[in-house]
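Single-structure report; data block below.
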Amino acid sequence: MISLILLFSQTSPGLSFLNMKIDGKVIALGGASTGIISPEGVYFNPAIAGEFKGFNFSSAYSYYFLGSHLISISSIIPLNVEKGVGFGLRGFYTGGIENRPEDDPWNLSYYSSYFLIGHIDYGMRLNNLFLGAGLNIGNFKIEHSGGTGVFLNAGVKYTDEMFNAGLSITNLGTRILRTSLPITVQAGGGLNLFDKKLHPVVDIRYTLKAGLSANAGIEFSPVEIFSLRAGYNPDITSSGLFKGITMGFGLNLKTLSINYAAIPGSNLGVSHFFTISYSPGREEKPKKIAVQETFSKERMMSDKLVEQGISYFKEKKYKEAMNYFDLSLIWNPNNRNAKQWLDKVTNILNTQEVEKYISLGKNKMASGDYLNAVYYFGKALSIDSTNQTAIKLKRKAEEKIRRGVKSISTREMELALKYYRMG
């Protein structure tokens, strides 16, 4: 166990093996995991659980050196297109460690050490941002001492077509075996270059009582099914030309992926890492999930259009606002917020239209054009049939017309009688 801790850091605090990586992809990239999608990475950044599109089962195994073994079994299950949960077990075992008491060095004995950690993780999506938290329960044994502990991990992740980044904090819990947990804050990111054929990544990590360290790696995928990887991890104790260097490759075979990594040049031998992942929904998304994803995008577009409409509304550009609320309902006819704002802006525009027609009607009445006055008051009432001002003015204009017609008829009758009497 002492040799194992020495391999990864000369200055790490107790229980530093909690930060050991095992996923072949992550190891090959120098241990930079915060900004990449990795089944085992969900343990270190639970936000990744919300990013998987379909079910994933992953099993990882590593042979470090001197009979030391690290295994991981994990599964990620999407609840919908915005949420997912992860489950897993991580275990380490090393045996045949010599124990020579200082007062009796000839009394040689051997002991073994191990840890077994079960974890459950939850991740959710907010547009391009993912949030997550994980609960971990572990059982530990070092020499003749054993204990159980509970601790938390949490993280966030941002991703888009060209860039991804993550931030996580791990090992938040009480002391185990009278030893403090190695609380670690890790931030990192990566780029997708040349049509996602080149993917550089970098992590910066701060571990309590151990200080800062950085990891970096690069992945090259000349074809979709094959990737070459290399990285640099300064925490690895090694010598010679390959000091701190990691390397590996990945195969993507339809629903199955295989990742391998190696740490060469270690003073204690070469360490090997294997990861096999099965994702039945990776090659072709289940129809239900694909439909849900489409609905999610439509809701997002609808909400963005509502936000733009509200901006125009605040500027009193009501017609422009109405157009955006209408477009929002085209993307998502069930958007209640869009309906409420559309009703609000429609009422304002209707009120303005009614007031405009009443004003035009009044102007026509003032000039004696009662026929057009009735027309405009009628237009106002076609929008708001209960508007009392329009009702009263329309009646008044109609009365003026009736009186005028009656007056004209009376004068014409008198003129006709006059001509009749004149013979």
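The table for this structure:
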quantity	calculated
Ser359 vs. criteria at pLDDT 90 or above, assigned to a helix (DSSP H, G or I) and more than 29 Å from Val306 (Cα to Cα)	yes
Set Ser180, Ser168: member being modelled with pLDDT under 90 and among the polar types (S, T, N, Q)	Ser180
The lone exception for Val201 - which of (1) over 19 Å from Phe226 (Cα atoms); (2) of a type in the set (A, V, I, L, M); (3) in a strand (DSSP E or B) it fails	(1)
Residue in the stretch 372-403 that is modelled with the lowest pLDDT, counting only those that are farther than 17 Å from Lys356 by Cα and either surrounded by fewer than 13 Cβ atoms within 10 Å (Cβ to Cβ) or in contact with a Lys or Arg (Cβ under 7 Å, 6 or more places away or on another chain) (or both)	Arg403
Hey, Ala373 assigned to a helix (DSSP H, G or I) and farther than 30 Å from Glu398 by Cβ or not	no
Strands (runs of 3 or more DSSP E) (entirely within the stretch 44-149) containing at least 2 residues that are in the same structural domain as Phe274 (by TED's automatic domain parsing), of a type in the set (Lys, Arg) and at pLDDT 85 or above	83-99
Residue match in the stretch 362-370 (condition: small (Gly, Ala, Ser) and surrounded by 13 or more Cβ atoms within 10 Å (Cβ to Cβ))	no
Positions within the stretch 186-216 being free of Cβ contacts under 8 Å to residues at least 40 places away in the same chain, within 26 Å of Ser16 (Cα to Cα) and surrounded by fewer than 14 Cβ atoms within 10 Å (Cβ to Cβ), in sequence order	Leu212
Sole exception among (1) in the same structural domain as Ser72 (by TED's automatic domain parsing); (2) modelled with pLDDT under 90; (3) at negative phi for Gly240, by number	(3)
Members of the stretch 60-86 found to be hydroxyl-bearing (Ser, Thr, Tyr) and farther than 14 Å from Val26 by Cα, listed by number	Tyr63, Tyr64, Ser68, Ser74, Ser75
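Residues checked against (1) in the same structural domain as Val81 (by TED's automatic domain parsing); (2) touching an Asp or Glu at 6+ places or on another chain (Cβ under 7 Å); (3) assigned to a helix (DSSP H, G or I); (4) of a type outside the set (S, T, N, Q):
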residue: Met300; (1), (2), (3), (4): no, no, yes, yes
residue: Lys316; (1), (2), (3), (4): no, no, no, yes
residue: Lys319; (1), (2), (3), (4): no, no, yes, yes
residue: Met322; (1), (2), (3), (4): no, no, yes, yes
residue: Ser328; (1), (2), (3), (4): no, no, yes, no
residue: Pro333; (1), (2), (3), (4): no, no, no, yes
residue: Gln340; (1), (2), (3), (4): no, no, yes, no
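Per-residue answers, yes or no, for (1) loosely packed, with under 15 Cβ neighbours inside 10 Å; (2) under 16 Å from His69 (Cα atoms); (3) touching a Cys at 6+ places or on another chain (Cβ under 9 Å):
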| position | (1), (2), (3) |
| --- | --- |
| Tyr110 | yes, no, no |
| Asp121 | no, no, no |
| Arg125 | no, no, no |
| Asn128 | yes, no, no |
| Phe140 | no, yes, no |
| Gly146 | yes, no, no |
| Gly149 | no, no, no |
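The values are calculated or read from the model by the stated rules, or taken from the named source; none is laboratory data. All figures in this text were calculated on a predicted structure; none of them were measured in a lab. We place every Cβ from the backbone using ideal geometry, glycine too, and count neighbours over all the protein chains shown.
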